[in-house]
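Here the structure is laid out as structure tokens; the discussion comes afterwards.
The values are calculated or read from the model by the stated rules, or taken from the named source; none is laboratory data. Everything numeric in this text was worked out from a predicted model, so none of it was measured. Reconstructed Cβ throughout: ideal geometry from the backbone, glycine too, with neighbour counts over all protein chains shown.
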Amino acid sequence: MDGASPARLYATLVGGTLLLVGIIGFFYSASFGSPGEVDKEFGIFAINGWHNVVHVLTGALGLAVAGYAAREYALGLGVVYLVVALWGFIIGDGDSILSLIPVNTEDNVLHVLLGLLGLGAYAATPRDTAERPVRTRGADV
């Protein structure tokens, strides 16, 4: 990741983590429904099959766009996660968003942190830096 921008690091690290957490989440609860069987991933975060799918999709998207649209990903995911966190705090601990995705206070705090990190990565990455491909050492240019 030599020469990677903050947005590229965010897209890669957060994307990879969300993808991994989404996959691991299916071992805790793969139940789909309204909100289906809810379990706590790592004993902390309320999850179900839909919550896992959201993590897998947003994580895979981050990894897919890390090389060419990381800044936009950081902004988009940052805004979305802040909205989801606010929504989660409004509906309260133990409820579910859209009657599908369970959330608890721990989820909401994590969503705030991911949202703020995304906005920070977006702001810390100049537009021209985000659009340049990463060069590896020894590559012919």
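Side notes on the structure shown:
- Pairs with Cβ under 8 Å, 6+ apart, first in the range 18-35 and in a helix (DSSP H, G or I), second of a type in the set (Lys, Arg): Tyr28/Lys40
- When Leu18, Leu13 are screened for being within 17 Å of the chain's Cα centre (by Cα), surrounded by 19 or more Cβ atoms within 10 Å (Cβ to Cβ), among the aliphatic types (A, V, I, L, M) and closer than 19 Å to Leu117 by Cα, only Leu18 passes.
- Test for Tyr73: is it under 28 Å from Tyr122 (Cα atoms) and either buried (at least 17 other Cβ atoms within 10 Å of the Cβ) or among the hydroxyl-bearing types (Ser, Thr, Tyr) (or both): yes
- Leading residue by the ranking (surrounded by the most Cβ atoms within 10 Å (Cβ to Cβ)) among those in the range 89-112 that are in contact (Cβ under 8 Å) with a residue 24 or more places away in the chain and of a type in the set (Gly, Ala, Ser): Ser96
- Hits in the range 52-75 (condition: touching a Phe, Trp or Tyr at 6+ places or on another chain (Cβ under 8 Å) and closer than 16 Å to Asn108 by Cα): Asn52
- Residues being hydroxyl-bearing (Ser, Thr, Tyr) and at pLDDT 95 or above are represented in the range 107-122 by at least one member.
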